[in-house]
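Below is one structure, written out as structure tokens; the observations come after it.
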Amino acid sequence: MPTTPENLLAPDAAVEKVAAGAQWAEGPVWIPGRSAVRFSDIPGNRVLEYREATGALEVYASEVEYANGRALDRDGAVIQCSHGRRAIERDTGTAADAVPAVHTLVDSWNGRRLNSPNDVVVKSDGTIWFSDPSYGIQKEEEGHPGHEEYGDRWVFRFDPASGELTPAVIDVEVPNGLAFSPDEAILYVSDTSLGTPAMDDGQRLHGHAIHAYDVVQGRFARNGRVFAEVGPGVPDGFRVDVHGNVWSSSKEGVQVFSPAGERILQIAVPETVSNVCFGGGDGRTLYMTASTSLYRIRTAVTDAAAALRGPQP
């Protein structure tokens, strides 16, 4: 059946606020072993979890060095971005009664510290791709003062098996959200440079678009082009469903784009959406971090990355 706006959402779908109390909610991921959505309150310097079965909002960890975006690896561990440590981390605390168990995977490139990793996606081959803007070294409430040691803001590819870190995308002004197409042939990268003149290097245009890159030989991002413009606001975090549709955050809610870049659905949310993830027992609930709150809506689709990753414990 072709994907249409009518069959993207469940018949009785409605936006529901399920938790509140964050200063700026970001970086959601569904943890199957905990039946919970884990997300960051970045200025609050803590990681929260919403337990779906009980409706409880719990503090998973405090003093987390301004953790941001996260994804699951092939083993079900959480790969997360740390503004404060300027690093990519791995947390194995994903079982029902597990506690945080975090260690650093990578924090520098060619002897220079990363800026402040922001969002991350794990490819089916186990490699970790992450964006590295400089919000955490420019905004006091999101990290620690610092400077761009390698002199730019890129998307990197990290291979945990070899320890190799290589730049993958170098032509987006402020790279932020990331996701692969269902066949991993395309890497999507959002640009959140609109309204951030302090990050202007005079060479690239500010924008509010999601860019698309062909993934060549499984490791190189080539042929960058604009996939879709998001407005009002900017495309921060997003996810891709099994049909290749892109579910993007925006100032007024979630905008869904077809694989051809056509906007096919708008979901209104009362607060500015920062990021989204698919979750729930059947993977068909879209959770949305939005300003101070966590929202959800029932969908008729599931996450492409989850399908590639397979069942999780």
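The values are calculated or read from the model by the stated rules, or taken from the named source; none is laboratory data. Source: prediction; values computed, not measured. Every residue, glycine as well, gets a Cβ built from its backbone with ideal geometry; the counts of neighbours run over all protein chains shown.
Overview of results
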quantity	calculated
Residues (modelled with pLDDT of 95 or more, β-branched (Val, Ile, Thr) and surrounded by fewer than 20 Cβ atoms within 10 Å (Cβ to Cβ)) located in segment 1-52	15, 18
Listing of strands (runs of 3 or more DSSP E) fully contained in segment 208-313 that carry 3 or more residues being under 23 Å from residue 56 (Cβ atoms) and in contact (Cβ under 8 Å) with a residue 12 or more places away in the chain	273-279, 285-290, 293-298
Residue ranges of strands (runs of 3 or more DSSP E) in segment 36-77 with at least 2 members out of contact with any Pro (no Cβ under 9 Å at 6 or more places or on another chain) and among the small types (Gly, Ala, Ser)	56-62, 67-72
Residue count for segment 264-278, restricted to those that are out of contact with any Pro (no Cβ under 8 Å at 6 or more places or on another chain) and farther than 20 Å from residue 176 by Cα	5
Criterion (out of contact with any Lys or Arg (no Cβ under 9 Å at 6 or more places or on another chain), crowded, with 18+ Cβ neighbours inside 10 Å and modelled with pLDDT under 95) met by exactly one of 178, 205, 194	194
Scope segment 57-94; condition under 19 Å from residue 135 (Cβ atoms) and of a type in the set (A, V, I, L, M, F, W, C); matching residues	64, 67, 71, 79, 81, 87, 88
Evaluation of residue 95 against (1) farther than 22 Å from residue 214 by Cα; (2) among the aliphatic types (A, V, I, L, M); (3) modelled with pLDDT under 95 (one fails), failing number	(3)
